[in-house]
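The values are calculated or read from the model by the stated rules, or taken from the named source; none is laboratory data. Only a predicted model underlies this, so the values are computations on that prediction, with no experimental measurement involved. Backbone-built Cβ (ideal geometry, glycine too); neighbour counts: all protein chains shown.
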Amino acid sequence: MRRFLSQTNEEWQLIISDTGPYSLNNLEHVKYRNMLPVIRARSDIKTQPVKELKKGYYFNTDFIPPEWSAEFFLFIFNFRLMIEQENSYNHTYYNAGRMNTRGMEAAIKHQKSIYILELLKALTAYKLGRSDLVMKPSSIQSRRSIKSMTLIFTKKELKN
């Protein structure tokens, strides 16, 4: 967490994360930097005030603002799930879980390539007059998939 926060110039208000970066040190560091840590805890923690707010979702109650209800805290945590869903197709369609090289610079280039592909798909869908396909990552498939499909075009479609 310290490394991430030292490499960014953004002014964050809260950090939302699953159990990966959970530690008392991380929670305290985030709070020290005047941010709210919305970080899911593991269920096996016995030495800290960890409570199950929803089935399978544990959080350290010392870091939940006293004026917030459990429902509101979970509402904030659910933004993480929405962001994860938004990027889940990166692994499915672009194999973004693996990179040929390592390092932050390579990761940035890799992610930018994925966003460029998304933009190209959106532009293609728009130019085809199919705005319903803009947010569907499988709408324009790879050449391998097309070989197994039968394509039928009208003369008008071929001219465009």
Can you pull out every residue in the stretch 24-47 that is small (G, A, S) and surrounded by fewer than 15 Cβ atoms within 10 Å (Cβ to Cβ)?
S43
Is there a residue in the stretch 99-117 that is of a type outside the set (A, V, I, L, M), modelled with pLDDT of 80 or more and on the phi > 0 side of the Ramachandran plot?
no
I need the full set of residues from the stretch 110-132 which are of a type outside the set (V, I, T), exposed (fewer than 13 other Cβ atoms within 10 Å of the Cβ) and under 28 Å from T8 (Cβ atoms), in order please.
K112, S113, Y115, L119
Number of positions in the stretch 12-36 that are assigned to a strand (DSSP E or B), without any contact (Cβ under 8 Å) to a residue 60 or more places away in the chain and more than 13 Å from R2 (Cα to Cα)
1
Read through the list (1) in a loop (DSSP other than H, G, I, E, B); (2) closer than 21 Å to L74 by Cα; (3) more than 20 Å from the chain's Cα centre (by Cα), then give the number of the only condition that K46 fails.
(2)
Over the stretch 127-139, the set of residues at pLDDT below 80 and not in a loop (DSSP other than H, G, I, E, B) is S131, D132, L133
The one condition E84 fails out of (1) under 23 Å from S23 (Cα atoms); (2) modelled with pLDDT of 75 or more is (2)
Just to be sure, is R33 within 15 Å of T61 (Cα to Cα) and charged (D, E, K, R)?
no
Show the residue pairs meeting these rules: Cβ distance below 7 Å; 6+ apart or different chains; first residue within the stretch 62-79 and surrounded by 12 or more Cβ atoms within 10 Å (Cβ to Cβ) and outside any helix (DSSP H, G or I); second residue modelled with pLDDT under 95 and hydrophobic (A, V, I, L, M, F, W, C).
I64/F73
Taking the condition surrounded by 11 or more Cβ atoms within 10 Å (Cβ to Cβ), under 30 Å from E105 (Cβ atoms), of a type in the set (A, V, I, L, M) and in the same structural domain as F79 (by TED's automatic domain parsing), does V50 pass?
no
